[in-house]
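Colleague: Structure below; questions to follow.
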Amino acid sequence: MILSEVSDQALAELGRTEGGPDTLAHLVRDQDTRRLLVLRTVLDAVDGADESVCPAVARARVREDWALLVESDRVGPAGGRAAAASGAEHTQGPATRPHDPVGPRRSPARDRLLYPLLGPWAKRCLSGLNAERRGPAQERARELARDLAHFSTVAAAAAARAGLSFTVRLTARNGVIALPSLGTLHTAEGGDAVVDVLCRQGRLTIRQSGALDVVVYPETGVGAWSGSLAWTPAYALPGLVGGAAPMPLDDLDPYRTVREGSRHETMSGPVTLDEAERKRWVQAWAGTAEALRPAGEGRLAEAVALLRCLVPLAVPPGGSADGRGTGSCSATRREAFGALLSSTPPTPTLFAATLVHELNHAKLAALSDMATLHRAGPRERYFAPWRPDPRPFDGLLQGAYSHLALADFHQRVALAATNAADGEAAWTLHARYHAQVGAALPALVATSELTSVGRRFVDGMVATYERMTDQPAPHRLVARAEAYIRAARDLWVQRHGPGLSSTE
C-alpha cells in the first residue's frame, strides 16, 4: 500500500544509510498514518465480526473505548483544549479517526494509538477477527476477548493522561491490569478478574472485589505513583539528548514479546527488570549518545527521530546476568515501528552499534512500505555471511543494508579514535562488516528482480560501500575478514549444496 512518494533526495540519503531531518520525518509520518489505517481496519473488522467470535457486547465496548479516545484526542499535551487549534472537528463514535498524527501537537490519545507496541496488538486482533482463520470458534472468541480488553486499558490510560473524569470497567489478563504509560496492577483475584477504575481530579481509584482500593497518581510523561505494593509503575530512561522526551523502558506491556519470523528464532524472551538490571540499563543508556557522536551527529539525530521505546529482553546464552558478558540480542518488529527490543547492553559502545543496526532495519522496512524495491519471492537461496542458513532476497537486502550502516559507523569511530586500542577495535569491526557487505552485494546487483526504485537504492548502497575503500582498515584486518568470508562461504556450500547460490 503506497501512501506517499519517496523523493530522489530521500532515496539517495537512505541508500547511504543516512537520513536528513525531512527524510526521517517523512518515514515517521508515513508509518503513523499506516498505524491509524490499521486501527481503522480493526474497528471495521470488529463491527463486521461474526457473533460467535465477537459478540454484540464486545462490539459495543470497543465503540465506548473509541469514544473515550476521541474525547482524549481533543485535549492538548498540556491538558488544554486543542481541537480548535488543530482545525479539525470530531464526532463521538468509533467511525471518527484522529487527524494527522504528526504535527505541532500530540494528544494523549494519539500518544497511545501511535505507541509502537499497539501495532502487535492490532495485528493479533486482525488475526482473531479473520473470518478465514481456522480453529474452534470458542477458543478464537476467548483470545479475541482478551485482546479487545486491552483496548479498554489503552483508552483509560489516554483519558487519564488527558485529565478527563471517567469511570470504566476493565478486565485483567492472568491477574494483571496493564495501563499503558502508567503501570500495572496485580489484582487480588487471579485469572481474568474485573476491576472498576474511577478517574477524578487527576488520580485513579481502582476498585476490586476482596481488596482495598488502589489509588494511583499519574506522573508526567511515563509512570504513575501508588502506595500499594500491588502497583508497578511504568519506567522511562532520560531523553537520549538534552531536550528529548524520556525514553520508555517497557517491561510491562503484554504485547512486547517477539516470536515471529526466522530472524527472531534465536531471540530470548521479554523480561521484567529487577533493580540491578535496571541500573545497568541506566548506565549503558547514559553513555550511548557520546558513543554515537564519533560517527557523526546524523546517527544521533536518527536515534532521536526514530526511537520511541525500548523493550528489555532476557540475557541470551553466552551473556551474563551482570551485564559483562558479550552475548546479546536485539530486534525490531515491522508492526512496532519505533520499538527496539534488546537484552541488557553490556556497554554504551555496543548499544550504540545496536541502535545503528536495528534502526537501519526499521528505516529500510519503512522505505519498503512506501516504495516497491523488488519483486523477488520468498525462496531462501542466498548466502549471507552473517547467517548460517540460506536467506530470501528480502532478508539478504535487509542484512546487507544494516551491515553497511555498521561498516560506516565503525569506520567513522575508527577515524575519530584518539587511542590505538579504540582504533584497532573499531577498524576490526569495520573490516568485518565491510567484507560481509561486499560478499552480499553481487547478488543484490545481479538480480533482475529489482524495480527501478530498488535499483537506484542498491546503486546507492554500492557507491557507499566503495567510498569506504578510500580510507580502508589496516591490510592485515582486511585480509583476516576476507579469509573468514571465504571459509564461511565454503562451509555454507558444503551444508546447502550447489543447488543454492553463494554468489548470485
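The values are calculated or read from the model by the stated rules, or taken from the named source; none is laboratory data. This structure is a prediction, so every number in the text was calculated from the model and none was measured. Note: ideal-geometry Cβ built from the backbone for every residue, glycine included; neighbour counts use all protein chains shown. Surface areas here come from the heavy atoms of the whole protein model, side chains and all, with no ligands, DNA or RNA. Shrake-Rupley method; radii C 1.70, N 1.55, O 1.52, S 1.80 Å.
Colleague: Starting from the Cα of Ala131, step 7 Å along the direction of its Cβ; do the same at Glu64; then give the gap between the two resulting points in nm.
Modeller: 2.8 nm
Colleague: Quick one: pull the percent of accessible area on the chain belonging to carbon and sulfur, 1.4 Å probe, ligands and nucleic acids left out.
Modeller: With neighbouring chains kept in place, the figure for the chain is 53 percent.
Colleague: To continue, here is another question. Suppose the chain between Ala244 and Ala188 were pulled fully straight at 0.36 nm per residue; how much longer would it get relative to their current alpha carbon spacing?
Modeller: 16.4 nm
Colleague: With axes computed from alpha carbons, what is the tilt in degrees of helix 56-73 against the longest principal axis of the chain, rounded to the nearest 10 within 0 to 90?
Modeller: With rounding to tens, the tilt is 80 degrees.
Colleague: So how do 271-277, 333-339, 310-316, 177-183 stack up, highest first, on mean other-Cβ count within 10 Å?
Modeller: Sorting 271-277, 333-339, 310-316, 177-183 by mean packing, highest first, produces 177-183, 333-339, 310-316, 271-277.
Colleague: Compute the Cα gyration tensor for the range 137-261, then decide on rounded, prolate or oblate, letting a ≥ b ≥ c be the square roots of its eigenvalues: rounded whenever a/c is under 1.5, prolate when a/b is larger than b/c in the other cases, and oblate in all that remain.
Modeller: Judged from the Cα gyration tensor, the range 137-261 comes out oblate (a/c at least 1.5, b/c at or above a/b).
Colleague: Moving on to the next point. Please calculate the 1.4 Å probe accessible area of Arg207, with all protein chains present, and give it to the nearest 10 Å².
Modeller: Rounded to the nearest 10, that gives 110 Å².
Colleague: What are the residues whose amide H is under 5 Å from the amide H of Ala384, where those residues sit 5 or more places off or on another chain and H is modelled from the backbone?
Modeller: Under 5 Å from the amide H of Ala384 lie the amide H atoms of Arg391, each far enough along the sequence or on another chain.
Colleague: Could you state the number of Å between the C-alpha centres of the range 430-468 and the range 39-60?
Modeller: 46 Å
Colleague: Now a separate question. Antiparallel as a % of all DSSP beta bridges within the range 287-433, to the nearest 5?
Modeller: About 40 percent, rounded to the nearest 5.
Colleague: Looking at the chain, send over the antiparallel percent of its DSSP beta bridges, to the nearest 5.
Modeller: Looking only at bridges with both residues in the chain, the antiparallel portion is about 80 percent.
Colleague: Let me ask something additional. Testing the spin-label approximation: label points 7 Å from Cα along Cα→Cβ at Arg207 and Thr167. State their distance in nm.
Modeller: It works out to 0.6 nm between the two label points.
Colleague: Once you have all Cα-Cα distances for the range 2-64, histogram them in 10 Å bins from zero and send the whole-percent values.
Modeller: Answer for the range 2-64: a P(r) of 20, 31, 18, 16, 15, 1 percent.
Colleague: A further question follows. What angle, in degrees between 0 and 90 and rounded to the nearest 10, separates the Cα long axis of helix 297-306 from the longest principal axis of the Cα atoms of the chain?
Modeller: 30 degrees
Colleague: How much accessible area per residue does the chain have, in Å², with a 1.4 Å probe?
Modeller: Accessible surface, normalised per residue, equals 44 Å².
Colleague: Using helices alone, I'd like the mean residue ellipticity at 222 nm for the chain: each DSSP H run of four-plus residues gives -39500 (n - 2.57), total over residue count, nearest 500.
Modeller: About -16000 deg cm²/dmol.
Colleague: Does anyone have the angle between helix 420-446 and the longest principal axis of the chain? Alpha-carbon axes, 0 to 90°, nearest 10?
Modeller: Between the helix axis and the principal axis of the chain, the angle is about 90 degrees.
Colleague: Report Asp50's accessible area, 1.4 Å probe, all protein chains in place, as a number in Å² to the nearest 10.
Modeller: Spelled out: Asp50, probe radius 1.4 Å, area about 90 Å².
Colleague: Distance in nm between label sites at Glu482 and Thr469, each 7 Å beyond Cα in the beta-carbon direction?
Modeller: Reported label-point gap for Glu482 and Thr469 is 0.9 nm.
Colleague: Let me ask something else about it. How big is the gap, in Å, between the Cα center of the range 196-238 and the Cα center of the range 4-19?
Modeller: 44 Å
Colleague: For Trp231, Trp386, give the ranking by accessible area with the largest first, probe 1.4 Å.
Modeller: Ranked from most to least accessible, the order is Trp386, Trp231.
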